[in-house]
Amino acid sequence: MAIAFLTVISFTNAQDANSPKPKVDGAGLFKAKCASCHQPHKDGTGPKLFKVRDKWAAGGAKEGSIYTWVNNWQNAAAADPYAAQVSASKPTAMSVFPELKKEDIDGILDYVDAQPEPGAAAPGGANPNDPREEVPTEEGGNSWTWIILGIIFITVILAVGGVRRQLNNAVRESEGLEVKDHETYLSELKTIAWKYRLQVGLATLVVVISMIVMVFQSLFSIGVTEAYQPSQPIKFPHSVHAGVNGIDCKYCHSSVTKSKSAGIPSVNVCMNCHKQINGEGKPFAAEIQKIYEAAGYENGEYKKASKPIVWNKVHVLPDHVYFNHSQHVVVGGIDCKQCHGDMTKMKENAKVQPVSELNKIEGNIKLSKATLTMGWCIECHDKKEISKGPLSDKKDGYYNEIHKRLLNNDKSLYKKYLKDNKVTVSELGGWECAKCHY
């Protein structure tokens, strides 16, 4: 019996030992933990990491010292002379990552060692691991085609009109009537219009009414800024920063959860990454150079006075409209993509996304009014819930108080609110004028 038990235990342990271990996302960990200070093949705030394990082994580092270094460099420097030597090579202290396990660190360094030298082409063309690789797109237009077709169309009309006039004159001549050789196109048009005056009158009435409708529709479009996309001093592809590199929106727009404004990153925030990423040899190198000029950064050092980057505002609201980002993001739980679109796919500069594009994004509340209009806000306040279920589920002091007042003062109204099993913004005063205008 004991032998059978030991056999089962041994078999189980063997299975555990041979079972595949979960794959470590070395690329994701590198981008999240290391990329702001390190590059594979170039020194930055921190030294280059390509083949760093071999370098430490060749330098005489103790076995496993590099893993201790990543977890806490001070512990490694105290226990290993080579680590102490490395700590003195840079004036900046490395961050500590006690949460990274040995297999995580190996995954990161395996990813780094797999990166080709700058300029080396990956098999099949572009380097798939380079997030800055972009496929050039060609822009085309067919405006000249329409112009040429228009000229041909007018020429055909005039030619047909001339042939028609000649045929009419031949008929008149055969009938012994006067031939009108000098009749102009205008006089001929007047004759036809008088002959078919009823039809012409009805057509004219339709055209006039249509023009009046178009004028009123254009008046309703005043202040509607859908697809508005101002030029910017630096081209900024959100698809590379937020998409490929996975940078959180709040890293650059740091006040979005605390302030009315989402905030525009200072040049110092840009330099946190671009001290290492200079785009050398890439099409976007000139754009990164503009960041260096604003930061006063030259040849790896800050040599000049910095100056702010003057970005052009994209989402412009009238002065009489109040909008608070933190209220919507924190209290309302609105995702950025609801109003700004999926920025992880935005290759060009930011713009006011049309509501038709916003509605295509999975998870967005489907709206019908034009983006940034009053109707758009009101429609969203009517559809977006504050709480799925009773307000007490929010576990928030502010909403707990409203919950108590509704129960004590108008329980029937509260039951009406909860018929659809949610309490919307409009049901708690989100349609009151003073919410947005004061």
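The values are calculated or read from the model by the stated rules, or taken from the named source; none is laboratory data. Remember, it's a predicted structure, so these values are computed and weren't measured experimentally. A quick note on method: Cβ atoms are made from the backbone with ideal geometry, for glycine too, and the neighbour counts reach across all protein chains shown.
Can you find a residue in segment 290-306 that is in a helix (DSSP H, G or I), surrounded by 15 or more Cβ atoms within 10 Å (Cβ to Cβ) and within 21 Å of the chain's Cα centre (by Cα)?
yes
List the residue pairs whose Cβ atoms are under 6 Å apart, where the first residue sits in segment 30-47 and is assigned by TED's automatic domain parsing to the domain that holds Asp104, the second is among the β-branched types (Val, Ile, Thr) and modelled with pLDDT under 80, and the two are 6 or more positions apart or on different chains.
That search, which allows pairs on different chains as well, returns Cys37/Thr45; Thr45/Thr92.
Being closer than 24 Å to Phe236 by Cα and aliphatic (A, V, I, L, M) is the filter here, so list the residues in segment 321-333 that pass it.
Matches in segment 321-333: Val329 only.
Working only within segment 39-98, note down all residues that are touching a Gly at 6+ places or on another chain (Cβ under 7 Å) and more than 20 Å from Cys273 (Cβ to Cβ). Can you show your working first?
Start the filter on segment 39-98 by keeping residues that are touching a Gly at 6+ places or on another chain (Cβ under 7 Å), which leaves 82, 90, 94.
If the condition is that a residue be touching a Gly at 6+ places or on another chain (Cβ under 7 Å) and more than 20 Å from Cys273 (Cβ to Cβ), then Tyr82 is the only one that fits.
Keeping to segment 411-438, report how many residues are in a loop (DSSP other than H, G, I, E, B) and not hydroxyl-bearing (Ser, Thr, Tyr).
Step one: of segment 411-438, the residues in a loop (DSSP other than H, G, I, E, B) are 421-422, 425, 429-432, 436-438.
Still in the list and also not hydroxyl-bearing (Ser, Thr, Tyr): 421-422, 425, 429-432, 436-437.
Selection size over segment 411-438: 9.
Please work out if Asn408 is polar (S, T, N, Q), touching a residue at least 40 places away in the same chain (Cβ under 8 Å) and either more than 28 Å from Gln232 (Cβ to Cβ) or in a loop (DSSP other than H, G, I, E, B) (or both). Write out each step before concluding.
Numbers: polar (S, T, N, Q): yes; touching a residue at least 40 places away in the same chain (Cβ under 8 Å): no; either more than 28 Å from Gln232 (Cβ to Cβ) or in a loop (DSSP other than H, G, I, E, B) (or both): yes.
For Asn408, the condition - polar (S, T, N, Q), touching a residue at least 40 places away in the same chain (Cβ under 8 Å) and either more than 28 Å from Gln232 (Cβ to Cβ) or in a loop (DSSP other than H, G, I, E, B) (or both) - is not met.
How many of the residues in segment 238-269 are under 17 Å from the mean Cα position of the chain (by Cα) and in a helix (DSSP H, G or I)? Lay out the reasoning, then the answer.
Just the residues of segment 238-269 that are under 17 Å from the mean Cα position of the chain (by Cα), to begin with: 238-254, 256, 262-265.
Those still in the list that are in a helix (DSSP H, G or I) too: 238-244, 249-252.
Going through segment 238-269 one residue at a time, the tally reaches 11.
Can you confirm whether Ser210 is within 42 Å of the chain's Cα centre (by Cα), exposed (fewer than 11 other Cβ atoms within 10 Å of the Cβ), over 30 Å from Lys351 (Cα atoms) and among the polar types (S, T, N, Q)? It would help to see each step written out before you state the result.
Numbers: within 42 Å of the chain's Cα centre (by Cα): yes; exposed (fewer than 11 other Cβ atoms within 10 Å of the Cβ): yes; over 30 Å from Lys351 (Cα atoms): yes; among the polar types (S, T, N, Q): yes.
Here the answer is yes, as Ser210 does meet what is asked.
Can you tell me which condition Glu362 does not meet? The list is (1) closer than 30 Å to Val316 by Cβ; (2) touching a Gly at 6+ places or on another chain (Cβ under 8 Å), and all the others hold.
Looking at each condition in turn, Glu362 falls short on (2).
Of the residues that make up segment 234-246, is at least one polar (S, T, N, Q) and closer than 23 Å to Val316 by Cβ? Break it down into steps so the answer makes sense when it comes.
Step one: of segment 234-246, the residues polar (S, T, N, Q) are 239, 245.
Among the residues that remain, those that are also closer than 23 Å to Val316 by Cβ are: none.
No, segment 234-246 contains no residue that is polar (S, T, N, Q) and closer than 23 Å to Val316 by Cβ.
Name, by its number, the condition in (1) more than 30 Å from Val244 (Cα to Cα); (2) under 41 Å from the mean Cα position of the chain (by Cα) that does not hold for Asn75.
(2)
Among (1) part of a helix (DSSP H, G or I); (2) modelled with pLDDT of 85 or more, where does Lys33 come up short?
Unmet for Lys33, out of (1) part of a helix (DSSP H, G or I); (2) modelled with pLDDT of 85 or more: (2).
Among the candidates Pro318, Pro308, Pro354, which residue alone is within 22 Å of Ile234 (Cβ to Cβ) and either of a type in the set (Gly, Ala, Ser) or in contact (Cβ under 8 Å) with a residue 24 or more places away in the chain (or both)?
Numbers: Pro318 fails: within 22 Å of Ile234 (Cβ to Cβ); Pro354 fails: within 22 Å of Ile234 (Cβ to Cβ).
Sole residue among the options that is within 22 Å of Ile234 (Cβ to Cβ) and either of a type in the set (Gly, Ala, Ser) or in contact (Cβ under 8 Å) with a residue 24 or more places away in the chain (or both): Pro308.
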